[in-house]
1. Considering only region 100-133, how many residues are without any contact (Cβ under 8 Å) to a residue 24 or more places away in the chain and under 18 Å from ASP90 (Cβ atoms)?
2. So if I check each of VAL481, VAL518, which one is over 24 Å from GLY428 (Cβ atoms), out of contact with any Ser or Thr (no Cβ under 9 Å at 6 or more places or on another chain) and in contact (Cβ under 8 Å) with a residue 24 or more places away in the chain?
3. Does any residue in region 646-661 that is in the same structural domain as HIS635 (by TED's automatic domain parsing) come within less than 8 Å, Cβ to Cβ, of a residue that is of a type in the set (D, E, K, R) six or more places away or on a different chain, and which pairs are these?
4. If a residue counts only when it is out of contact with any Pro (no Cβ under 9 Å at 6 or more places or on another chain) and at pLDDT below 85, which helices (runs of 4 or more DSSP H) contained entirely in region 431-547 have at least 2 such residues?
5. Being within 28 Å of the chain's Cα centre (by Cα) and assigned to a loop (DSSP other than H, G, I, E, B) is the filter; apply it to region 378-400 and report the residue that is surrounded by the fewest Cβ atoms within 10 Å (Cβ to Cβ).
6. Just a yes or no: is a residue in region 401-417 in contact (Cβ under 8 Å) with a residue 60 or more places away in the chain and assigned to a loop (DSSP other than H, G, I, E, B)?
7. Residues of region 73-88 being assigned to a helix (DSSP H, G or I) and either within 30 Å of the chain's Cα centre (by Cα) or loosely packed, with under 14 Cβ neighbours inside 10 Å (or both), which ones?
8. Restrict the check to region 135-144 and report whether at least one residue is assigned to a helix (DSSP H, G or I), among the charged types (D, E, K, R) and surrounded by 14 or more Cβ atoms within 10 Å (Cβ to Cβ).
Amino acid sequence: MLSLQNAGKRYGPRVLFLEANWLIRNKEKTALVGANGAGKSTLMKVLGGLETLDYGALERTRGMSIGYLPQEGLELSGRTVFEECLTVFDELRAMEGECEQLAGQLAELDHGGAEYEAAAERYSLLHERLLALGGYALDAQVGSVLTGLGFGKEDWPRLTDEFSGGWQMRIALAKLLLSKPNLLLLDEPTNHLDLETRNWLEDYLKNYPFGYVLISHDRYFLDVTIDRTVEIWNKRLTIYQGNFTKYLAQKEERRAQLEAAYRNQREQIEHLEAFINRFRYQATKAKQVQSRIKELEKIERIEIPEEEPVIHFKFPQPPPSGRMVAEADGLAKSYGEKRVLENVRFNLERGDRVALVGVNGAGKSTLIKLLTGVETPTVGTVKLGHNVVPEYFAQDQYKVLDGDARMLDSISRAAVKVPESELRSLLGCFLFSGDDVFKPLGVLSGGERNRFALARILVSPSNFLLLDEPTNHLDMRAKDVLLEALAGFTGTVIFVSHDRYFIDRLATRVLEVENGQVNAYAGNYEDYLRRKEALATGNTGDGDENGAKRAPYQGKVSNAAQVERKRSGASARAGSSSAEPVPGTILIEGGFDSPNGAASKGKNRRLNPIRQKQMEERCTFLEEEIPRVESSIAHTEQQLAVYVSATETERQTRLAEELRAQLAALTAEWEELMAQLEAS
């Protein structure tokens with residue numbers, strides 16, 4: 001289909017790649033990878049015919065069609081969304097119009113004439129072509145792709161001018177997918193897509209009838225959509241068979257081989273140089289010396305390019321919060337007539353790493369804003385627990401930065417105890433290197449300032465992080481640094497991300513926002529999908545975090561939360577009379593209100609003092625044992641999030657079930673003892 005032969009490209013004195021040979025065959029599904037600045041986007045433009053080579057040749061099969069989607073910069077106007085997508089079928093629509101015109105002529109012409117025969121033949125030819133090309137189902141094709149890319153039917157008649165840059169890129173992607181070129185060139189196609197839309201695009205590309213080349217920083221997306229990886233490394237193109245994970249393993253092997261060859265060559269060179277230096281001035285060895293000099297000159301030196309240093313950054317650990325971090329009770333939020341959330345109940349515990357998932361517009365960002373206090377509930381309450389200090393990273397976090405401050409000065413003020421060298425390494429990982437760190441924040445783009453704002457949060461975190469799409473604008477290296485830092489963070493994290501790999505590696509719980517309600521699921525995104533599938537097929541045995549059947553959209557209230565409420569209720573029952581919280585308020589306090597237990601309504605019954613002391617000691621033991629079992633459950637769920645083997649997964653699953661049963665028994669015993677003590 002398309003081939004590069006000894007191709008090379010440079011910008012001024014800088015060489016991007018040389019002696020590149022690459023044959024792109026029909027139906028090959030390829031990822032183009034490499035470090036930032038290696039020339040991936042430039043090579044993609046060369047393949048698309050938008051830039052020329054400085055060396056070598058590019059050859060295409062005659063008549064092949066190529067579709068190119070850049071990272072950004074496309075603007076569409078003057079048509080509705082649906083009409084804009086239909087423009088890719090202009091030729092088919094013209095054929096359809098001609099068919100209609102011919103049908104009218106055939107109704108009027110004399111059936112026995114030559115003109116009728118010619119019109120009938122032309123009509124038959126066009127009709128067969130339209131059928132073969134799906135010309136009579138264009139509206140259905142457009143509707144299917146637009147729906148898959150997140151456009152509701154109410155968006156179809158809207159003008160493209162009304163949409164933001166990200167949605168305009170979705171329209172451009174829809175046009176490319178509908179046109180079905182022989183070779184798709186997609187430069188970061190997932191940048192502007194939410195998780196559900198990415199899942200749809202994955203399925204679409206897996207069934208795409210032709211070939212494509214992708215650039216993406218989403219590992220999971222690459223793993224499930226490609227079968228070949230081409231890397232720009234050391235100014236050369238290296239081709240690997242297999243998906244992204246296999247590429248990483250093969251790359252390590254190749255580098256090890258290259259380093260071994262480099263060591264062997266160095267030994268050979270040192271041996272030759274030692275011989276030359278030893279016998280250079282001996283006439284009897286002159287012939288051998290000249291032979292060694294020529295041999296040395298012919299050696300093509302192996303170069304080991306410097307690898308980007310791996311940054312291992314750890315959060316400065318924040319002061320611990322109470323075990324219960326946040327609780328939403330009867331939470332609702334409306335904007336005028338539009339209800340975003342309604343009667344939402346859930347809680348967060350210390351150490352939770354919670355992923356918020358749901359389609360665009362479901363209310364994920366609204367829910368995070370309610371937890372931070374940026375938005376006020378219409379109904380219900382949000383309570384933050386003892387010593388909880390929230391910190392919010394918004395999608396437009398860059399707006400709150402001081403534009404006059406220099407980057408390095410701003411991050412240094414946020415982390416006075418972190419050495420400047422470590423801060424510069426961290427900024428380098430977030431793509432700020434060299435003199436960039438001395439730039440004023442005001443000259444950076446929105447995406448660059450958001451990257452900086454995220455790096456700034458890393459050096460001085462609170463104990464409750466609320467992150468709204470922190471992985472936007474990050475490459476794989478920066479995502480890895482963020483992922484490692486958050487995985488070792490001892491505080492609590494709730495986050496929105498559209499990166500499957502990031503969610504799978506980080507989340508210990510998933511909260512699904514759907515139809516104004518919140519579902520709670522234990523585990524990572526894979527666990528969430530598996531349980532959703534089980535619910536859809538009617539097998540609800542593991543529908544919630546405890547593996548018990550539950551009603552749809554019912555958020556989790558954990559056994560730990562019940563214990564906490566009963567404890568606070570028992571301690572507060574001795575005469576305290578606090579007022580009910582006003583709906584629509586956010587409470588930041590040291591504990592949680594709870595209703596009086598049913599046992600307090602019974603008659604007082606005097607206990608034997610010895611028995612009462614035994615019961616109190618048992619309650620004290622249970623209050624220490626229950627958190628320990630909860631901690632063991634959390635640890636087991638973290639182990640389940642990392643696949644080792646089927647046997648290990650089965651063992652950990654059994655252990656988790658046993659621990660949950662143990663927790664339920666301990667909690668029930670504690671509640672019964674507390675009820676008896678209160679009744680006495």
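1. Residues in region 100-133 being without any contact (Cβ under 8 Å) to a residue 24 or more places away in the chain and under 18 Å from ASP90 (Cβ atoms): 3 in total.
2. It is VAL518.
3. Pairs that qualify, where the first residue is in the same structural domain as HIS635 (by TED's automatic domain parsing) and the partner is of a type in the set (D, E, K, R), are ALA656/GLU637.
4. Ranges flagged: 446-459, 476-487, 525-536.
5. Among them, the one singled out is ASP396.
6. Yes, region 401-417 has at least one match.
7. Result: VAL81, PHE82, GLU84, CYS85, THR87.
8. no
The values are calculated or read from the model by the stated rules, or taken from the named source; none is laboratory data. Small disclaimer: the values here were computed from a predicted structure and weren't measured. Please note: Cβ atoms are built from the backbone with ideal geometry, for glycine as well, and neighbour counts cover all protein chains shown.
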